[in-house]
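The values are calculated or read from the model by the stated rules, or taken from the named source; none is laboratory data. Please read all numbers here as calculations on a predicted model, not as lab measurements. Heads up, the Cβs are rebuilt from the backbone with ideal geometry, glycines too, and the neighbour counts pull from every protein chain shown. Note: accessible area is taken over every heavy atom of the protein model, side chains too, but ligands, DNA and RNA are not part of it. Shrake-Rupley method; radii C 1.70, N 1.55, O 1.52, S 1.80 Å.
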Amino acid sequence: MSVEDFMRRVVEKNPGEVEFHQAVRDVVSSVMPIVQSTPRYYEAKILERLVEPERVLIFRVPWEDDGGQIHINRGIRVEMNSAIGPYKGGLRFHPTVYVGLLKFLAFEQVFKNSLTTLPMGGAKGGSDFNPKGKSNREVMRFCQSFMTELFRYIGPDTDVPAGDIGVGVREIGYLFGQYKRLKNEFTGVITGKGLNWGGSLIRPEATGYGAVYFAAEMLATRKESFKGKTVTVSGSGNVAQYTAEKVNELGGKVITLSDSDGTVLDMNGIDSEKLTWLMNLKNIRRGRISEYAEHFDGAEFLEGHRPWEVPCDVAFPSATHNEISAEDARALVKNGCFCVSEGANMPTTPEGVEVFLAAGILYGPGKAANAGGVAVSGLEMSQNALHINWPREEVDRRLREIMASIHTACVRHGKDGDFTNYVKGANIAGFIKVADAMIDQGLV
Ligand code: NDP
């Protein structure tokens, strides 16, 4: 079957779910030659099974705001694939959340989790609830209501959620507290927990640090490092903050951060002192990135702009999906960017990916480059199961090793002469392990 025939069926069966179609096409384009030439894959209809979630749960989430008004949101959990371990993947609270978006994220998660070498299946969940502008008590009431339904379907050996956009340690705390109350069990049912209640050191840092470690591996293939490199980062949330921190540590200069209102450009560099101020602004005061430009001399706020028109050596898209269009990708390449490491999930449109691949730059797709977050979530699960805490250095060492092994797997399956196609490499390496496990377990 051709990719086009396969995609026609996927689109017919999942109408309107454009992000899901995009994510499936990306993987299927890479793995179709292998499926076609491997009877055990096509006879077992592995691809057809992979694009059908094992289960999708949809539930009502009623909650009351501080003024006594009642609100109804929709809760969703997509349990995509459990061939290599319990379902694992984050929860997103954002007004754009719908089933198709979570199916794309859960699908990506299957291959990403496979790449980490840890035993984790793929899932994703969330709600169209918007935590922005809500009081802490409103967020708590929402999280409690959300978990009052979700708790029936998750468990440390069944499905282990974590954070994502709009779900940080505050939300994880409220969700975990309600689960514990309902089940009367203190278990590793969620990752990203606070340090003094079962969390792992380095988990908050893991996605950002991991994306930088992955970029460092890519740079090393060209005998380059972060020393003296100019770096642009989008977003200003969890992933963006720790990406900037690690780039600074490795000798690079971060000159942008952003949010959905615009980009802050600081040619003097967003150093560790400025980053500490920014973390306080975003995580405690829950302010906007424009305030950075008001606070620091020499910084400017580019309202309504993304960072991609700013010349740089390395770029880290770390905000959201489809934030780099073909035009953005062309601007990046034209201005000298030769390495892109995706902290966000699917931040580059398919046309943008084509531009990067045609230009032959080092391009690390999200399912490889941002796998550090879920990898350390996996390490948090191990620590919870063993009832121990590993020191910071130990977790960081394991994270670095995992990112290096993902890089090696991508090169093994994506090398084409002197060029490594990391998209192809990540898709094939992630696919083989899951497909083989599905075959071993029979038709389920
Ligand atoms: P946060 O909620 O901490 O931060 C998200 C950031 O992205 C904010 O600055 C936000 O700005 C911006 N953003 C979100 N949606 C949009 C949008 N539609 N347009 C423009 N900007 C937007 O989330 P994370 O940092 O955790 O996640 C960022 C990305 O990384 C996501 O793609 C996520 O799936 C991915 N990821 C996260 C992992 C993790 O461990 N947290 C693991 C792997 C991937 P604003 O405040 O204006 O909305």
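Residue check: is Ser405 open to solvent by less than 10 Å² (accessible area, probe 1.4 Å) and touching a residue at least 40 places away in the same chain (Cβ under 8 Å)? Spell out how you get there, then give the answer.
Values: open to solvent by less than 10 Å² (accessible area, probe 1.4 Å): no; touching a residue at least 40 places away in the same chain (Cβ under 8 Å): yes.
In short, no.
Go through the stretch 200-211 and report how many residues are part of a loop (DSSP other than H, G, I, E, B) and surrounded by 24 or more Cβ atoms within 10 Å (Cβ to Cβ).
Of the residues in the stretch 200-211, the ones part of a loop (DSSP other than H, G, I, E, B) are 200-202.
With the extra rule that they be surrounded by 24 or more Cβ atoms within 10 Å (Cβ to Cβ), the set shrinks to 200, 202.
Counting residues in the stretch 200-211 that are part of a loop (DSSP other than H, G, I, E, B) and surrounded by 24 or more Cβ atoms within 10 Å (Cβ to Cβ) gives 2.
Out of all the residues in the stretch 288-307, is one or more open to solvent by less than 30 Å² (accessible area, probe 1.4 Å), closer than 30 Å to Val374 by Cβ and in a helix (DSSP H, G or I)? Yes, that holds for at least one residue.
Which residues, taken from the stretch 358-387, are outside any helix (DSSP H, G or I) and either among the small types (Gly, Ala, Ser) or within 18 Å of Gly192 (Cβ to Cβ) (or both)? If the condition is that a residue be outside any helix (DSSP H, G or I) and either among the small types (Gly, Ala, Ser) or within 18 Å of Gly192 (Cβ to Cβ) (or both), then Gly360, Gly364, Asn370, Ala371 are the ones that fit. Taking the numbered list (1) closer than 20 Å to Ala435 by Cβ; (2) assigned by TED's automatic domain parsing to the domain that holds Glu149; (3) of a type in the set (S, T, N, Q) in turn, Gln69 passes all entries but (1). Just one of the listed residues (Pro15, Pro53, Pro86) is at negative phi, open to solvent by 10 Å² or more (accessible area, probe 1.4 Å) and without any contact (Cβ under 8 Å) to a residue 40 or more places away in the chain, and it is Pro15. Of all residues in the stretch 398-412, none satisfies being outside any helix (DSSP H, G or I) and over 21 Å from Val110 (Cβ atoms). Here is the figure for the stretch 124-151: residues that are touching a strand residue (DSSP E or B) at 6+ places or on another chain (Cβ under 9 Å) and open to solvent by 40 Å² or more (accessible area, probe 1.4 Å) total 6.
Picking from Ser30, Ser37, which residue would you name as being open to solvent by 30 Å² or more (accessible area, probe 1.4 Å) and not β-branched (Val, Ile, Thr)? Don't jump to the end; show me each part of the working.
Details: Ser30 fails: open to solvent by 30 Å² or more (accessible area, probe 1.4 Å).
Of the residues listed, the single one that is open to solvent by 30 Å² or more (accessible area, probe 1.4 Å) and not β-branched (Val, Ile, Thr) is Ser37.
One residue stands out among those in the stretch 91-100 that are touching a residue at least 60 places away in the same chain (Cβ under 8 Å) and either buried (at least 24 other Cβ atoms within 10 Å of the Cβ) or among the polar types (S, T, N, Q) (or both): the one that is farthest from Asp159 (Cα to Cα), which is Phe93.
When Met403 is tested against the conditions (1) touching a Pro at 6+ places or on another chain (Cβ under 7 Å); (2) within 16 Å of the ligand (Cβ to nearest atom), the lone failure is (1).
Among the residues of the stretch 239-273, just one is within 16 Å of the ligand (Cβ to nearest atom), acidic (Asp, Glu) and part of a helix (DSSP H, G or I), namely Glu245.
Looking only at residues that are within 16 Å of the ligand (Cβ to nearest atom) and among the aliphatic types (A, V, I, L, M) in the stretch 207-238, which one is farthest from His94 (Cα to Cα)? This residue is Ala215. Restrict the check to the stretch 434-443 and report whether at least one residue is open to solvent by 20 Å² or more (accessible area, probe 1.4 Å), outside any helix (DSSP H, G or I) and over 17 Å from Asn113 (Cβ atoms). Yes, some residue in the stretch 434-443 is open to solvent by 20 Å² or more (accessible area, probe 1.4 Å), outside any helix (DSSP H, G or I) and over 17 Å from Asn113 (Cβ atoms).
State whether one or more residues within the stretch 224-238 are part of a strand (DSSP E or B), under 29 Å from Asp418 (Cβ atoms) and open to solvent by 60 Å² or more (accessible area, probe 1.4 Å). No: zero hits. Quick check on Ala319: is it of a type in the set (A, V, I, L, M), closer than 25 Å to Gly237 by Cβ and more than 16 Å from the ligand (Cβ to nearest atom)? No: the conditions fail for Ala319. Taking the criterion of being surrounded by fewer than 18 Cβ atoms within 10 Å (Cβ to Cβ) and in a loop (DSSP other than H, G, I, E, B), the residues of the stretch 152-171 that qualify are Arg152, Tyr153, Pro156, Asp157, Thr158.
Does Phe214 satisfy the condition of being aromatic (Phe, Trp, Tyr), open to solvent by less than 10 Å² (accessible area, probe 1.4 Å) and over 22 Å from Asn322 (Cα atoms)?
Working: aromatic (Phe, Trp, Tyr): yes; open to solvent by less than 10 Å² (accessible area, probe 1.4 Å): yes; over 22 Å from Asn322 (Cα atoms): no.
Here the answer is no, as Phe214 does not meet what is asked.
Before we move on, is Thr191 in a loop (DSSP other than H, G, I, E, B), in contact (Cβ under 8 Å) with a residue 60 or more places away in the chain, within 12 Å of the ligand (Cβ to nearest atom) and buried (at least 17 other Cβ atoms within 10 Å of the Cβ)?
Details: in a loop (DSSP other than H, G, I, E, B): yes; in contact (Cβ under 8 Å) with a residue 60 or more places away in the chain: yes; within 12 Å of the ligand (Cβ to nearest atom): yes; buried (at least 17 other Cβ atoms within 10 Å of the Cβ): yes.
Judged against the criteria, Thr191 is a match.
Considering the conditions (1) crowded, with 24+ Cβ neighbours inside 10 Å; (2) touching a Leu at 6+ places or on another chain (Cβ under 9 Å), Tyr242 is excluded by exactly one of them, (2). Do we find that Ile84 is over 22 Å from Phe129 (Cβ atoms) and outside any helix (DSSP H, G or I) in this structure? So Ile84 fits the description; yes.
Has the stretch 141-150 got at least one residue that is under 17 Å from the mean Cα position of the chain (by Cα), assigned by TED's automatic domain parsing to the domain that holds Gly100 and either in a helix (DSSP H, G or I) or more than 22 Å from Ile58 (Cα to Cα) (or both)?
Taking the stretch 141-150 as the starting set, the residues that turn out to be under 17 Å from the mean Cα position of the chain (by Cα) are none.
No, that holds for no residue.
Sub-8 Å Cβ pairs linking a first residue in the stretch 229-241 that is under 13 Å from Met279 (Cβ atoms) and outside the structural domain of Thr263 (by TED's automatic domain parsing) to a second residue that is of a type in the set (S, T, N, Q) and more than 7 Å from the ligand (Cβ to nearest atom), at least 6 apart or interchain, number zero.
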